[in-house]
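J.: Sharing a structure with you now.
Bear in mind these aren't lab numbers, they're just calculated from the coordinates by the rules spelled out. On a predicted model such as this, the values are computed, not experimentally measured, just so you know. Backbone-built Cβ (ideal geometry, glycine too); neighbour counts: all protein chains shown.
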Amino acid sequence: MSENLLLFFGRLHPLLVHLPIGILMLAICLHFLARRPKFASFGLLMPVLWFAGAVSAVLACVAGFLLKLSGGYDQGSVDTHQYLGIGLAISSVLLVVFGNKAIFKKLQTPAVLVVIILLTATGHYGGNLTHGDDYLTQPVYALIGKGPGKKERPPITNVNEALVYQDLVEPVLEQKCWQCHSSKKQKGDLRLDTEEYLLKGGENGEILVAGNADKSDLYKRLVLPLNHDDRMPPKGKPQLTEAEVQLIHWWITAGKGDFKKKVAQVDKDQNIDEIIAEVSQRSGQNTESTQPSEIPDVKVAPANPEHVRQLQNKGVVLMPVAKDSPFLTANLVNAKSFSNADMQLLANLREQILWLDMSGSTISDAGLQPLAGFKNLTRLSLDNTAVTDAGLKHLAPLTNLHYLNLYGTQVSDAGLKSLTACKSLKSLYLWQTQVTPQGVAALQKARGNGLHVNFQSTTDTTGTL
């Protein structure tokens, strides 16, 4: 039997593994119900269910073993999952063989309890292999402001003194890549959690070409179409934002992939300054990278504490843009349930919000209507939302808007016409949209040379204008 055929059967493991889970869970429930006279008839189903559960558990074990042979998993973690799964299969088989024997009747319930424990533990460790060790506990830790297993990173107080890789690039890799490429899991025999392994590369060779991001797999795979087989992260996994992709491009090209250089030691333009500010903001780090020109020269009252509390209860992260400043940044990264109807809560702080990040949220065109009143807004991130051309007309009154990210939205050339009114707009991100080069050219002609457009259509994999 060829290696590829064995791998095919191995990759059926994620499908097969749900069969014993469902069947055994049903058998467990009926076992305890059948102890009551009212449901005693359920006992007739037990031999069939235990048999089906045992067979499916054995098949899942075989497929899991074949998948393990393909490599790419932490040996200790996968062994624990494997042995628990084998124990579950053996326990299920024993229930089939001895379940109806009179001598086993008193031991049947303890045996079922063993199956419950093994089923729970096997599923938990399998989930850890697939989603990461902190998949189950991460939401709990997020509520108390902690991150299990995360590297402790001191706040950046002076962005020019920050290390490009350690302080800016590595947090992005940790959040978006380490789940599949770290000490716990090595897809493609690749680890991205240490400098040594980044330089080593994976099964296809080196992934860093110092000074040339376009020849570096670490960057090239980030900008492939989402449905491409080699796209990283693959479809269905959390994607890097356009700013994060550009940050990695800058580190490899201008920074030569150096792990020790500080921001001040690497050539950068205003666009990179803004990207650094955005990435720092998303990582929850308070920096001094806010450009003075982005802070409107107007006086506003401090935010109403009650309005702040209402937003924080929704999961919105609010931070001052600078010490003792009334202006705020608002980030919806943890506000998973934040909807169009909740936008009025943000509107209560329309004067104070300077930066607004709604990336990946459920906000759509209707939710953008209140933004017309955010006169002091300078930075707006709408990447990977359901926003279309209809929503962009609400942005026309934003005369102080400097930065707009529409990456991964459905906006087209028609929607860009609404942005000609945003006279302060300097940076516009249009990767993976319906916009065409002709639409970008028309916008730049209408706006003059003061607008920098980062552009990549859904049918084009290269280029910025």
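J.: Give the long-range amide H neighbours of L356: residues separated by 5 or more places, or on another chain, with amide H under 5 Å away, using H modelled in the peptide plane at 1.01 Å from N.
T.: A330, R379, L380, S381
J.: Give K220/K268; K184/K268; K187/K262; K176/K375; K237/K393 a once-over and call out the pairs whose C-alpha atoms are over 25 Å from each other.
T.: On the way: K220/K268 21 Å; K184/K268 35 Å; K187/K262 30 Å; K176/K375 34 Å; K237/K393 31 Å.
Too far apart for the 25 Å limit: K184/K268; K187/K262; K176/K375; K237/K393.
J.: Kindly write out, for the stretch 425-434 in residue order, the coupling ³J(HN,Hα) from the Karplus curve 6.51 cos²θ - 1.76 cosθ + 1.60 (θ = phi - 60°), rounded to whole Hz, with x marking Gly and Pro.
T.: Listing the rounded values in order: 5, 10, 10, 10, 10, 10, 4, 6, 10, 8 Hz.
J.: Within the set of other residues whose C-beta is less than 11 Å from the C-beta of R221, count the net charge using Lys and Arg as +1 and Asp and Glu as -1.
T.: Combined, the nearby Lys, Arg, Asp and Glu give -1.
J.: Using a Förster distance of 35 Å, how high is the FRET efficiency between A210 and V298, based on the Cβ-Cβ distance and rounded to 0.05?
T.: Working: r = 45 Å, r/R0 = 1.29.
Step by step, r from the Cβ atoms, then E = 0.20.
J.: Quick one: check the C-alpha center-to-center distance for the stretch 383-437 versus the stretch 326-351, whole angstrom.
T.: The distance from the Cα centre of the stretch 383-437 to that of the stretch 326-351 comes to 19 Å.
J.: Which order do H181, H228 fall in if you start with the one that has the fewest other Cβ atoms within 10 Å?
T.: Going from least to most buried by this count: H228, H181.
J.: How far, in degrees from 0 to 90, does helix 437-447 lean away from the longest principal axis of the Cα atoms of the chain, to the nearest 10?
T.: Once rounded, the angle reads 40 degrees.
J.: While we're here: Testing the spin-label approximation: label points 7 Å from Cα along Cα→Cβ at A341 and K235. State their distance in nm.
T.: Spacing of the two 7 Å Cα→Cβ label points: 3.3 nm.
J.: Which FRET efficiency value, to the nearest 0.05, is calculated for R350 and M319 with the Förster distance at 22 angstrom and r the Cβ-Cβ distance?
T.: Taking R0 as 22 Å, the efficiency between R350 and M319 is 0.80.
J.: With r as the distance between the Cβ atoms of V333 and T388 and R0 = 35 Å, compute the FRET efficiency 1/(1 + (r/R0)^6) and round to 0.05.
T.: 0.95
J.: How big is the stretch 3-140 on each of its three principal axes, counting only the C-alpha atoms and giving the largest first in Å?
T.: Over the stretch 3-140, Cα extents along the principal axes are 50, 40, 22 Å.
J.: For the chain, find the longest principal axis of its Cα atoms and tell me its angle to the long axis of helix 105-131, 0 to 90°, nearest 10.
T.: 30 degrees
J.: Sort 35-47, 303-315, 248-260 for me by packing, meaning the mean count of neighbouring Cβ atoms within 10 Å per residue, highest on top.
T.: 248-260, 303-315, 35-47
J.: Separate question: Rounding to the nearest 10 and keeping the result within 0 to 90°, find how far the Cα-based axis of helix 242-253 lies from the longest principal axis of the chain.
T.: 80 degrees
J.: Taking the Cβ of P326 as the center, what net charge do the other residues with Cβ under 10 Å away carry, scoring Lys and Arg +1 and Asp and Glu -1?
T.: Here the count lands on -1.
J.: To continue, here is another question. Can you compute log10 of I(q)/I(0) for the chain with the Debye formula, treating each Cα as one identical point scatterer, at q = 0.07, 0.08, 0.13 Å⁻¹?
T.: -0.48, -0.60, -1.17
J.: Right, here's the next one. Could you give the nm distance between label points at Y83 and A446, where each point is 7 Å from its Cα heading toward the beta carbon?
T.: Output for this residue pair reads 6.6 nm.
J.: If we count other beta carbons within 10 Å of each Cβ, what is the order of S359, S412, S70, fewest first?
T.: Least crowded to most crowded, the residues run S70, S412, S359.
J.: Taking amide H positions as placed in the peptide plane 1.01 Å from N, state which residues far from Q186 in sequence (5 or more) or on other chains have amide H under 5 Å from it.
T.: Here the answer is G72, Y73, D74, since their amide H atoms fall under 5 Å of that of Q186.
J.: So if each residue of separation counts as 0.36 nm, and I subtract the Cα-Cα distance between H18 and Q438, what length gain in nm does that give?
T.: Between H18 and Q438, full extension yields 146.2 nm more.
J.: Same structure, new question: How much length, in nm to one decimal, is gained on full extension between R221 and K106, taken as 0.36 nm per residue of separation minus their Cα-Cα distance?
T.: Separation in residues times 0.36 nm, less the Cα-Cα distance, equals 35.5 nm.
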